[in-house]
1. So what's the back-of-envelope 222 nm ellipticity for the chain, counting only DSSP H runs of four-plus at -39500 (n - 2.57) apiece and dividing by all residues, rounded to 500?
2. Residue farthest toward the positive end of the dipole of the chain, with Cβ of Lys/Arg at +1 and Asp/Glu at -1: which of Ala79, Ile17, Thr122?
3. Build a GNM of the chain with springs between Cα atoms under 10 Å: which of Leu61, Leu78, Leu29 gets the top mean-square fluctuation?
4. Cross-link partners among aspartates and glutamates for Lys133, C-alpha distance below 17 Å, same-chain residues fewer than 8 apart left out?
5. Among Leu36, Leu20, Leu100, which one shows the highest mean-square fluctuation when the chain is modelled as a Gaussian network with alpha-carbon springs under 10 Å?
6. Can you find, among Val70, Thr55, Ala30, the residue sitting farthest towards the positive end of the charge dipole of segment 26-161, where Lys and Arg contribute +1 and Asp and Glu -1 at Cβ?
7. Out of Ile92, Ile124, Ile84, any idea which swings most in a Gaussian network model of the chain, alpha carbons joined below 10 Å?
8. Charges at C-beta only: +1 for Lys and Arg, -1 for Asp and Glu. How large is the resulting dipole of the chain about its Cα centre, in Debye rounded to 20?
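Every number in this text was worked out from the coordinates using simple rules, so none of it is lab data. Please read these numbers as outputs of a predicted model, since none were measured by experiment. Neighbour counts are summed over all protein chains in view; Cβ atoms, including those assigned to glycine, are modelled from backbone coordinates with ideal geometry.
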Amino acid sequence: MTLDAIGGIIGLYGGLICGLIGWWFGRKLAKKNRGLDEFYQHIWKTARSYSWYLTIFVLYLLYSLNIFGVEMSVPMVLAMLTFIHIGSWGVIGAILTINLSRPEPFQISPIMMGITIMVISTSILTIIAIWMKNIWILFITVLPNIVGLYIALLGRKKALE
């Protein structure tokens with residue numbers, strides 16, 4: 001067994017153990033402060049739902065990259081999916097907790113949301129196209145750009161009403 005494999009095993013299971021300890025300790029403190037109520041359940045159920053939407057989007061993105069000839073190993077794909085799913089669940093849950101705890105919720109304009117979707121998707125896929133030296137990957141940007149444009153134009157239409 002190589003040193004890399006040993007480090008991988010330690011990181012994989014060490015991270016799992018640290019995560020479970022943190023989860024258990026956090027729930028213990030939340031229960032002590034009566035923080036495990038319906039509000040908590042609603043926020044984290046909603047965050048999990050949005051996290052699955054993002055995970056499905058990344059799955060389709062990875063399938064599309066595979067169709068265009070990008071070689072990916074199984075551990076690399078699983079690591080990306082795990083990171084996206086758990087990371088987005090945590091970030092979305094934190095945003096919902098902060099947003100729903102404030103007297104006036106933070107509102108993002110649909111125009112800014114649409115522009116953000118278009119800029120981020122185009123930037124990421126341009127970097128991947130340059131890295132893979134395959135210009136055809138840029139055709140994947142059509143779908144997120146249409147979605148971003150639709151969101152931006154729909155928001156503009158509602159703002160004019």
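1. -28500 deg cm²/dmol
2. After comparing all options, I get Ile17.
3. Of the options given, Leu29 has the highest mean-square fluctuation.
4. Partners found: Glu71.
5. Result: Leu20 has the largest fluctuation of those listed.
6. Farthest towards the positive end: Ala30.
7. Sorting by GNM fluctuation, first place goes to Ile124.
8. Working: 12 positive and 6 negative charges, 104 e Å.
Computed charge dipole of the chain: roughly 500 debye.
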